[in-house]
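Below is one structure, written out as structure tokens, with a few remarks after it.
Every number here is computed from the coordinates shown, using simple stated rules; none is lab data. Quick caveat: nothing in here was measured; it's all calculated off a predicted structure. All Cβ positions, even for glycine, are placed from backbone atoms using ideal geometry, and neighbour counts span all protein chains on display.
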Amino acid sequence: MSDGAATTIAVGAASRVRLHDLTRRPDGEEWIVGRRETRTFVAVPEAGIRVIRLLERGLSVEESQERLLAETGEEVDVADFVRDLIALGFVAEAEGRPLATDPVRPASLAGLRPEHVRFLLNPWLPLLPAALVLAALTAFLRHPELMPTYRDLLWSDRGSVVILSGAVVGWSIVLLHELAHLAVGRAAGVPGRIGFGTRLQFLVVQTDISGIELAPRRHRLTAYLAGIAVNLGVAATAFLLLTVTAPGSAAHRLLAATVLWALLPLTFQLMMFMRTDVYFVLQDLTGCRDLYGDGRAYARHLTRRLLSREDPAADPSRPLPPAERRAVRVYSAVLVVGTALCLAGLAFYTAPADVRLAVRAVAHLRAAHTGADLADALLTLASLAAIHVLWLTTRWRNRRSRRGS
């Protein structure tokens with residue numbers, strides 16, 4: 001944006017504005033409108049979409065208001081509506097003067113064009129992972145003894161090999177999972193961005209495909225489920241390969257571990273109280289706009305009621321449509337119970353284990369007799385420190401980004 005860009009402007013009856021390229025789709029009695037490049041979208045009523053169309057045709061605020069009144073009989077404060085559009089960053093110019101907007105965050109893999117991955121939206125494509133899973137299930141019924149157990153994670157006698165292979169294969173699967181979200185979102189016209197995030201005590205890799213809400217439902221669900229499909233496809237392929245490799249061989253043991261490395265992360269996806277892939281599917285199918293935010297607000301309301309600090313009439317779910325209200329109230333219970341169980345796991349299992357591991361590493365560091373003992377202790381301490389520092393910096397950066405938005 002140039003130095004002469006306007007940051008604020010008075011909106012009057014004669015004001016004319018030029019909007020950015022806005023994408024929209026009907027959603028029940030309202031419309032979802034937004035800018036894909038800034039990943040900003042809102043729900044507006046039918047009158048709002050009519051005003052946007054009039055403004056796009058070059059009509060002034062007053063002309064738009066008069067036209068809407070003549071066509072529908074509705075009196076809408078168009079000037080106030082335009083101010084809201086400016087605050088959202090939807091207005092490019094007002095009175096011929098450019099408006100300053102927040103910088104657009106660059107998309108991951110910007111060279112990946114929608115036409116490169118358009119095939120991912122083919123309605124027949126989901127049959128591929130489905131066929132792989134069906135074939136793997138058939139093979140399992142014939143060879144149930146091939147089903148991997150936790151012992152297969154220790155597929156090598158050398159601990160360093162187990163750790164290194166787990167990191168390489170496990171993170172490769174995570175990357176493929178996130179790339180699947182990114183590619184399907186890109187095929188639907190959503191820029192998308194891959195980065196680190198936090199979910200309670202967990203450090204996660206996540207893909208921001210905000211704006212997918214503007215796509216048709218089939219495309220939205222495909223984007224949400226793409227990562228899970230990749231995990232299932234990898235696990236099914238590895239299991240099928242187990243049937244043609246010699247039991248006990250290094251390849252067989254590594255494939256068995258790969259099945260688990262692909263399947264175990266799916267248990268995390270079932271934790272819907274942390275906005276996982278399954279959460280977004282549930283939110284879409286229930287028709288909720290912000291299932292997590294509304295569920296958290298309702299849980300807080302109930303807590304205040306139990307403490308006799310809030311009137312029952314202040315229920316934040318009351319204005320929601322009946323079906324959405326029921327979904328929010330049920331989800332709030334899942335949110336509270338799931339969060340409590342996760343934090344309990346952190347307090348009674350994860351944190352004590354990390355502390356004990358660190359204390360043991362320090363003790364080994366002091367009593368190290370060989371270079372291997374010293375390297376093992378240092379590697380353990382460095383790994384623990386790296387994970388926790390990365391979690392803290394990621395959480396701090398994301399919180400600061402939300403406060404600044």
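Tabulated data
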| read-out | value |
| --- | --- |
| Relative contact order, percent, region 249-405 [alpha-carbon distance under 8 Å, six or more residues apart] | 16 percent |
| Estimated [θ] at 222 nm from DSSP helical runs (n ≥ 4, -39500 (n - 2.57)) normalised by residues in the chain, nearest 500 | -19000 deg cm²/dmol |
| Three-way shape call for region 334-405 based on the alpha-carbon gyration tensor, with the a/c threshold at 1.5 | oblate |
| Descending semi-axes in Å of region 1-129, equivalent ellipsoid built from Cα gyration tensor | 32, 22, 10 |
| Cβ-based exposure ranking for C342, C288, in which fewest neighbours within 10 Å come first | C342, C288 |
| Ascending count of other beta-carbon atoms within 10 Å, so fewest first, for T393, T101, T339 | T393, T339, T101 |
| Alpha-carbon gyration tensor eigenvalues x 5, square-rooted, for the chain, Å | 47, 26, 23 |
| Spacing of the two label points (7 Å from each Cα toward its C-beta) at L154 and T339, in nm | 3.8 nm |
| Cα principal axis extents for region 114-286, largest first, Å | 50, 36, 31 |
| For A92, residues with placed amide H under 5 Å, excluding near neighbours | R18, L19, H20 |
| Along the chain, longest interval not containing exposed trypsin sites (Lys or Arg not before Pro), exposed being DSSP loop plus at most 12 other Cβ atoms within 10 Å | 159-308 |
| In region 1-82, the GluC sites (Glu not before Pro) that fall in loop regions by DSSP, at most 10 other Cβ within 10 Å | E29, E75 |
| Taking the chain and dividing mean pair separation by its residue count, relative contact order in percent (alpha carbons under 8 Å, at least six apart) | 13 percent |
